[in-house]
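Novice: Following this message is one structure expressed as structure tokens.
The values are calculated or read from the model by the stated rules, or taken from the named source; none is laboratory data. As the structure is a prediction and not an experimental result, all values here were calculated from the model. As a convention, Cβ positions derive from the backbone with ideal geometry for all residues, glycine included, and neighbour counts pool all protein chains shown. Remember, those area values only see protein heavy atoms, side chains included, never the ligands or the DNA or RNA. Shrake-Rupley method; radii C 1.70, N 1.55, O 1.52, S 1.80 Å.
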Amino acid sequence: MKEVEERLAEIEAAWGKLGLDAKIARLEELTLELARPDAWSDSDRAQAMSKEMASLQKVVEPWVLVRKKALSAREFFELGDEESRELAEAELAEVGRDLEALRPLLWFSEPHDAGDAIVRLTAGVGGADAEDWTEMVERMYLRWAEKQGFSVAQVERQEGGEAGVKTSVFEVAGAYAYGKLRGEHGVHRLVRLSPFNADAKRQTSFALVEVLPVMDEAAVSIDPADLKIDVYRAGGHGGQSVNTTDSAVRVTHIPTGTVVAIQNERSQLKNKQLAMKVLLGKLEQLRAEQKAASLDELRAGESASWGQQIRNYVLHPYKLVKDTRTGYEVGDAEKVLDGGIDGFVEAYLSGAKA
């Protein structure tokens, strides 16, 4: 019986940490809203509510189920007979297994953790070396997403002049995609012998990784007067007509000076939608950095992302990948670059939890 009470106490602690009472109340509210006969008259709003509901269910339902099992175990113990005790012990063993699987979810207590993520990669100064490094980072995250069973959709990709990519933006969709990736936000530094230097000198390259939450445009209010939207002729690769129409879109959030440009699609409308999606994620990231209560309170100025070097990848004269924040390190650099970043993700999240 004592073990049941300990399990229930653990569940109640998690319940409070994750704010499950408020989430359950919100789920009930969304269920009633979507059950209204006119719910889908505004399809954008209904889709936003449906997506929010699905995201909340991912968080709430496992904890509701494990609490029911723990309460059931207590009821069996209270009956006192041998058969009930056996049932209680079986139920309690299942609760233990469930909690073991659920404990890592306690790392995901931030507002957008359960949702999808936008990953935006930018090559630093260094020409071909930096652009090649950025493509290596891109491949690392794509391989990691594949191993996680997440889906990936390319939003924007600009190839480098000689090799690699200048920028790459893609959306990662799956349970807790943002929560798992948010610790990757920052500058990633590579040290290696340059394949682009005839003397094979050691080269240091930088890539900026931005991890942004996917925000629902229908649920975020931005004053149209705060936006400057420019259209221009797309350049580079993209198909037969990409350079013959003004399809590229640049969206500037005037109060903060945040700029997002997208030219990947031939459709100007599609590029604008994608640019807005990335912009909303960048503004939410900036809001979190500035600890602002709302987007309206954001201050002007760029994010300090380029100053936050979070990880070193050394391929010469030895091989080591080390996180500067947690101290977690891996000697098998090739494994890390092939998508083996789970150790870094877990080290960051468990540290952030503490």
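Novice: Considering only the range 149-159, how many residues are surrounded by fewer than 18 Cβ atoms within 10 Å (Cβ to Cβ) and either touching a Pro at 6+ places or on another chain (Cβ under 7 Å) or in contact (Cβ under 8 Å) with a residue 24 or more places away in the chain (or both)?
Specialist: Summing the residues that are surrounded by fewer than 18 Cβ atoms within 10 Å (Cβ to Cβ) and either touching a Pro at 6+ places or on another chain (Cβ under 7 Å) or in contact (Cβ under 8 Å) with a residue 24 or more places away in the chain (or both) in the range 149-159 gives 3.
Novice: Could you check the range 184-231 and list, in sequence order, the residues that are part of a loop (DSSP other than H, G, I, E, B) and either of a type in the set (Gly, Ala, Ser) or touching a Leu at 6+ places or on another chain (Cβ under 9 Å) (or both)?
Specialist: Residues satisfying the conditions are 185, 194, 198, 200, 201, 214, 215, 216, 220, 221, 222.
Novice: Out of the range 162-176, which residues are of a type in the set (A, V, I, L, M), outside any strand (DSSP E or B) and either within 20 Å of residue 260 (Cβ to Cβ) or over 11 Å from the mean Cα position of the chain (by Cα) (or both)?
Specialist: 163
Novice: If a residue counts only when it is over 21 Å from residue 168 (Cα atoms) and either modelled with pLDDT under 85 or touching a Pro at 6+ places or on another chain (Cβ under 9 Å) (or both), which helices (runs of 4 or more DSSP H) contained entirely in the range 237-354 have at least 2 such residues?
Specialist: 268-290, 342-353
Residues are listed down the side, and each one gets a yes or a no for (1) of a type outside the set (A, V, I, L, M); (2) buried (at least 16 other Cβ atoms within 10 Å of the Cβ); (3) touching a Phe, Trp or Tyr at 6+ places or on another chain (Cβ under 7 Å):
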residue: 315; (1), (2), (3): no, yes, no
residue: 320; (1), (2), (3): no, no, no
residue: 327; (1), (2), (3): yes, no, no
residue: 338; (1), (2), (3): yes, no, no
residue: 341; (1), (2), (3): no, yes, yes
residue: 344; (1), (2), (3): yes, yes, yes
residue: 349; (1), (2), (3): no, yes, yes
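Novice: What's the total number of residues in the range 242-285 that are open to solvent by 10 Å² or more (accessible area, probe 1.4 Å), farther than 26 Å from residue 181 by Cα and among the hydrophobic types (A, V, I, L, M, F, W, C)?
Specialist: 2
Novice: Next question. Anything in the range 49-79 that is without any contact (Cβ under 8 Å) to a residue 24 or more places away in the chain and of a type in the set (S, T, N, Q)? List them, or say none.
Specialist: Hits for the range 49-79 are 50, 72.
Novice: Looking only at the range 9-52, which residues are touching a helix residue (DSSP H, G or I) at 6+ places or on another chain (Cβ under 7 Å) and farther than 24 Å from residue 114 by Cα?
Specialist: Those that are touching a helix residue (DSSP H, G or I) at 6+ places or on another chain (Cβ under 7 Å) and farther than 24 Å from residue 114 by Cα: 39, 40.
Novice: Count, please, the residues in the range 104-129 that happen to be at pLDDT 90 or above, of a type in the set (A, V, I, L, M) and within 30 Å of residue 174 (Cβ to Cβ).
Specialist: Matching residues across the range 104-129 total 5.
Novice: Just to be sure, is residue 181 open to solvent by less than 10 Å² (accessible area, probe 1.4 Å), hydrophobic (A, V, I, L, M, F, W, C) and more than 24 Å from residue 282 (Cβ to Cβ)?
Specialist: no
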